[in-house]
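Contents: one structure, followed by commentary.
The values are calculated or read from the model by the stated rules, or taken from the named source; none is laboratory data. The shown structure was predicted, so the numbers you read here are calculated from the model rather than taken from an experiment. Don't worry about glycine lacking a Cβ; one is built from the backbone with ideal geometry, like all the others, and counts go over all protein chains shown. Protein only, heavy atoms only, side chains kept; ligands, DNA and RNA dropped before computing areas. Shrake-Rupley method; radii C 1.70, N 1.55, O 1.52, S 1.80 Å.
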Amino acid sequence: MVVYVFDLGGVLIKLDVKRCFQAFERLMGEKNMRAVLGMDSNGEGVKAVSVASKQLMADFERGLIEPEDFLTQVLQYCHPGTTRDDVLEAWMAMLDELPAERLQFVASLRQKGHPVYLLSNGNDLHFDFINRQYRLDTYFDGLFLSQKMHMSKPEPQIFEAVQKTISESLPAGTPFSVVFIDDIQANRQAAEQTVGWHTYASIDELA
């Protein structure tokens, strides 16, 4: 039995990180954007990021901060006159299209009898929006979301938790292997080393 596990951002849905952070630059300026979000206007990570900034983003990704609290905290660093909706619009600017053929590929795997799962580092603001548009929950046998599990890739325990859940979902004694598609090398390496998954960087590599 071959089980497929897909990342969401960068593998299924296209991301426009540069557009997102250019929007935030307009709202709060380059200095605050670097300090709060840890990115520059080109969408590139900056080396020197405050501990508080790292904690804010990590806690939001792990579901330890509610979406409204996240928006409120970011809003504090924005120019006067900026609204909560302005911050939300900038945050959502990261999301681009989800090509239909990618979901069709996932559906084709299920039709062939392969269990398919989603394993995503994300947040409720992004995921809820995507799920309303594309109904991801109807394409997968299960959704493993960092904000619901309170852990994130590439932490070994998240892969161990997913592996355990997959094993328990199959008839007792069923041998299985996992194919994991994730565009982040550190996540792929952790999956290989922790639970022995076979990894790919994109759906195209599976063709």
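On the stretch given as region 135-151, residues that are part of a helix (DSSP H, G or I) and either open to solvent by 20 Å² or more (accessible area, probe 1.4 Å) or among the small types (Gly, Ala, Ser) (or both) total 5. Considering the conditions (1) modelled with pLDDT of 95 or more; (2) in contact with a strand residue (DSSP E or B) (Cβ under 8 Å, 6 or more places away or on another chain), LEU206 is excluded by exactly one of them, (1). Taking residues in region 57-69 that are free of Cβ contacts under 8 Å to residues at least 24 places away in the same chain and within 18 Å of MET33 (Cα to Cα), and partners anywhere that are in a loop (DSSP other than H, G, I, E, B) and open to solvent by less than 80 Å² (accessible area, probe 1.4 Å), the pairs with Cβ atoms closer than 8 Å and at least 6 places apart or on different chains are MET57/GLY38; ASP59/ILE65.
For PRO99, indicate whether it is more than 28 Å from PHE21 (Cβ to Cβ) and not acidic (Asp, Glu). Here the answer is no, as PRO99 does not meet what is asked. Residue pairs whose Cβ atoms lie under 7 Å apart, sitting 6 or more positions apart in sequence or on different chains, and linking a residue in region 114-134 that is touching a residue at least 60 places away in the same chain (Cβ under 8 Å) and open to solvent by 30 Å² or more (accessible area, probe 1.4 Å) to a partner that is of a type outside the set (A, V, I, L, M, F, W, C) and in a strand (DSSP E or B), are HIS114/TYR4. Might you check whether a residue that is modelled with pLDDT under 85 and open to solvent by 70 Å² or more (accessible area, probe 1.4 Å) occurs anywhere in region 68-91? No, region 68-91 contains no residue that is modelled with pLDDT under 85 and open to solvent by 70 Å² or more (accessible area, probe 1.4 Å). What are the residues in region 179-206 that are farther than 22 Å from LEU15 by Cα, assigned to a loop (DSSP other than H, G, I, E, B) and free of Cβ contacts under 8 Å to residues at least 40 places away in the same chain, if any? Scanning region 179-206 gives a single hit, GLY196. The single residue among ILE130, ILE158, ILE166 that is part of a helix (DSSP H, G or I) and closer than 21 Å to HIS114 by Cα turns out to be ILE166.
Taking only region 38-58 into account, find how many residues are crowded, with 16+ Cβ neighbours inside 10 Å and modelled with pLDDT of 80 or more. Of the residues in region 38-58, 2 are crowded, with 16+ Cβ neighbours inside 10 Å and modelled with pLDDT of 80 or more. For SER202, state whether it is open to solvent by less than 50 Å² (accessible area, probe 1.4 Å) and polar (S, T, N, Q). Criteria met by SER202. Being touching a residue at least 40 places away in the same chain (Cβ under 8 Å) and more than 21 Å from GLN163 (Cα to Cα) is the requirement here; does VAL106 meet it? Here the answer is no, as VAL106 does not meet what is asked.
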